[in-house]
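The values are calculated or read from the model by the stated rules, or taken from the named source; none is laboratory data. The structure displayed is predicted, hence computed values, not measured ones. Cβ: placed from backbone, ideal geometry, glycine included. Neighbour counts: every protein chain shown. Please note that ligands, DNA and RNA were not included when accessible areas were found on the heavy atoms of the full protein model with its side chains. Shrake-Rupley method; radii C 1.70, N 1.55, O 1.52, S 1.80 Å.
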Amino acid sequence: MPVTCIDHINLRAPRHVLDELRDFYVHIVGLRVGERPLSSPGYWLYAAGPGAVLHLSQERPGESRPPHTRGTFDHIAFACTDLPAYLARLRAQGIDHRHVQSPAAGYQQIFFTDPAGNGVELKFPLPSPP
């Protein structure tokens, strides 16, 4: 019974933070809001495929999920294309980021944080040699 992949990541936060996260992951990362067949408040965000990759859930009554806290979670990574467009978008929005090239691994990455302080990685394949 092997695990085949990660299905989704869920971030839980106060309502006002959820809206900030939704806007950030839509306008900066490039995900889209889609169907969420639940009655509780939140959003499901989709990448290019049919499944929701990021769930945003409102904290439950009596629960406290403050942003900018650290546990063992470090970052979520998204496979992307068009590195120059992402770099331009991050610069235009004034988002502090780090660009790392890993030629031996065959990719390059951009690292930054979302409005709640969660780490985000955008991963891009290196161009094939001529």
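Tabulated data for the structure shown
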read-out: Residue list for the range 80-130, filter: without any contact (Cβ under 8 Å) to a residue 60 or more places away in the chain and of a type in the set (A, V, I, L, M); value: 83, 85, 87, 88, 92, 100, 104, 105, 110, 126
read-out: Filter result (aliphatic (A, V, I, L, M), more than 10 Å from the chain's Cα centre (by Cα) and either surrounded by 17 or more Cβ atoms within 10 Å (Cβ to Cβ) or under 24 Å from residue 26 (Cβ atoms) (or both)) within the range 101-126; value: 110, 116
read-out: Cβ pairs under 9 Å, 6+ apart, first in the range 51-66 and free of Cβ contacts under 8 Å to residues at least 60 places away in the same chain and more than 18 Å from residue 24 (Cα to Cα), second part of a loop (DSSP other than H, G, I, E, B) and open to solvent by 90 Å² or more (accessible area, probe 1.4 Å); value: 51/7; 59/65
read-out: Top-ranked residue in the range 16-31 [being assigned to a helix (DSSP H, G or I) and in contact with a strand residue (DSSP E or B) (Cβ under 6 Å, 6 or more places away or on another chain); ranked as farthest from residue 66 (Cα to Cα)]; value: 25
read-out: Filter pass, residue 15 being more than 20 Å from residue 113 (Cα to Cα) and out of contact with any helix residue (DSSP H, G or I) (no Cβ under 8 Å at 6 or more places or on another chain); value: no
